[in-house]
Structure formats: C-alpha cells, structure tokens
Amino acid sequence: MSTPRPARVIDARYLAPPEPFEATMAMLRMLEPGETLLLRLFREPHPLYRALARGGHAWRTELLSDGTFDILITCGGAAPRDGEA
C-alpha cells in the first residue's frame with residue numbers, strides 16, 4: 001500500500017472462514033474513529049465489504065503480485081471507500 005502501514009495488522013491469509021471476518025470485526029470494535037487496520041488475505045472479502053459499509057467504515061484494497069489482497073480499513077468512515085471521492 002502506498003500509505004504508511006498501520007500498527008494493527010491481521011494477517012489472515014492462512015485462516016479459514018469465518019475467522020478473518022470475525023477477527024476483523026473484533027478489532028474494529030476496539031479502534032477509535034479514524035484509526036486504521038491492515039487486513040491481509042488471499043481472496044477478496046466481499047461479505048466483509050458489505051459489513052464495513054453497514055458499519056460506516058472505509059477501506060482501500062490493493063492486490064499484490066503474490067495474490068495477497070491488502071485491505072486498509074479506516075474505522076468509522078473517516079476516508080472514502082474505493083470508488084468514492
């Protein structure tokens with residue numbers, strides 16, 4: 001990601017569903033609005049995106065050359081989601 005790496009990272013690339021979703025939602029409950037979390041997965045988490053939108057959170061997704069999806073999540077909707085400006 002081109003933005004600075006957040007202090008909170010969930011490397012869920014080797015976790016089975018629904019563990020990545022549950023870990024992400026649990027971490028978001030501990031963050032303050034505007035704080036960020038980096039989630040790393042080998043698949044794009046479309047169900048998570050819907051939950052993030054419902055919760056007012058923002059995210060940016062980057063597909064890396066090794067197939068990893070890096071999803072930078074901002075708690076509380078402090079930044080626009082992909083496709084919004």
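Every number in this text was worked out from the coordinates using simple rules, so none of it is lab data. All values reported here derive from a predicted model rather than from experimental measurement. Because the Cβ atoms are built from the backbone with ideal geometry, glycine has one as well, and the counts that use them run over all protein chains shown.
Around the amide H of ILE10, modelled in the peptide plane, lie the amide H atoms of LEU38, LEU39, ARG40, all under 5 Å away and 5 or more residues distant in sequence or on another chain.
Label-to-label distance for ARG54 and GLU22 is 1.7 nm, based on points extended 7 Å past Cα in the beta-carbon direction. Computed over segment 1-75, relative contact order equals 35 percent, with contacts defined as Cα pairs under 8 Å that lie 6+ residues apart.
Kirkwood hydrodynamic radius computed over segment 30-75 comes to 10.9 Å, based on all pairs of distinct alpha carbons.
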